[in-house]
1. When you go through Leu53, Leu57, Leu74 one by one, which is the residue that is over 16 Å from the mean Cα position of the chain (by Cα) and either among the small types (Gly, Ala, Ser) or crowded, with 19+ Cβ neighbours inside 10 Å (or both)?
2. What residue, of Leu87, Leu167, Leu105, is under 20 Å from the mean Cα position of the chain (by Cα) and over 26 Å from Arg187 (Cβ atoms)?
3. Considering only region 116-128, state which residues are touching a Phe, Trp or Tyr at 6+ places or on another chain (Cβ under 9 Å) and either at pLDDT below 95 or buried (at least 19 other Cβ atoms within 10 Å of the Cβ) (or both).
4. Among the residues of region 133-173, count how many are touching a Lys or Arg at 6+ places or on another chain (Cβ under 9 Å) and not charged (D, E, K, R).
5. Taking the conditions exactly as written (touching a residue at least 12 places away in the same chain (Cβ under 8 Å) and either assigned to a loop (DSSP other than H, G, I, E, B) or not acidic (Asp, Glu) (or both)), does Pro107 satisfy them or not?
6. Restricting the first residue to region 165-193 and requiring it to be under 20 Å from Arg222 (Cβ atoms), which pairs with a second residue that is charged (D, E, K, R) meet a Cβ separation below 9 Å and a spacing of at least six or different chains?
7. Is it the case that region 43-52 has a residue that's in contact with a Pro (Cβ under 8 Å, 6 or more places away or on another chain) and in a helix (DSSP H, G or I)?
8. Just name the residue that is nearest to Leu87 (Cα to Cα) out of those in region 129-163 that are of a type in the set (A, V, I, L, M) and surrounded by fewer than 18 Cβ atoms within 10 Å (Cβ to Cβ).
Amino acid sequence: MAQDGAGTDKGASRSYEELVAEAASVSTDGWDFSWFEGRATEARPSWGYARSLAGRLAGAGAVLDVQTGGGEVLDFALGAARSRPGLTVATEGWPPNVAKATALLRPRGVAVVAVPEDAPFPFADGAFDLVVSRHPVRPDWAEIARVLEPGGTYFAQHVGPASVFELVEYFLGAQPDEVRSARHPDRERADAEAAGLQIVDLRAERLPMTFHDIGAVVHFLRKVVWMVPGFTVDAYEPRLRALHERIEAEGPFVAHSARHLVEARKPAV
């Protein structure tokens, strides 16, 4: 999604039907959010994950990128790194993204391996000195610890609790406390430590995400499918139309994303 202040409102003066039809026809493959430029913005965390990752890659020997999506973040970081690791491997579970990531990352010498999100990593113990991930669905701390060599590092940006829940709850209603508190950084700290990792850095931020038209909402919910499971335009047409009218009358719909930066280390033997 575009950074705050980028572009203009491309949905201005267009009907509900036009905006929704366009958004429903756009491909959702990969994690390229350029379509949102001028239609939605998202503030970025202060730590700048992709650029920080580039610095980490320059000093690494063997790197694993978990749930790489379409490979866009890893591709950027490799391009910005002063030097590249001797070995870089990425995993991805969704077939369209596997194909997209392979096409993007193969020219950089990265092997993309199709691995379901809930499956063990098909790699040997201690195979990597750096494991990274941007927005994993559920970090498998035991597997991360297993494939890290002693002294190795896990460096990632995770989605935090109740992220974009203003939008989620608009469609689904108020969510129970156990759902709102899922992905809490304190819980992830405890899970990482239980797997034998030491937390070196843990920082959290909540950041505005602004939707300027209903098309941006539709495309976002089609792309980020876990926000409103089973979302379709037909199923939520009354709520979508009401939100369109609200945006037209009151201005953009603002939600807040939750992000946290995690750096963990496997103790040296």
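The values are calculated or read from the model by the stated rules, or taken from the named source; none is laboratory data. Note that this is a predicted model, so its numbers are computed, not measured. Ideal geometry is used to build each Cβ from the backbone, glycine not excepted, and the neighbour counts take in all protein chains shown.
1. Leu57
2. Matching residue, one of Leu87, Leu167, Leu105: Leu105.
3. Glu117
4. 21
5. no
6. Going by the 9 Å Cβ cut-off, the qualifying pairs are Phe165/Arg180; Tyr170/Arg239; Phe171/Arg239.
7. Within region 43-52, none of the residues are in contact with a Pro (Cβ under 8 Å, 6 or more places away or on another chain) and in a helix (DSSP H, G or I).
8. By that ranking, first place goes to Ala142.
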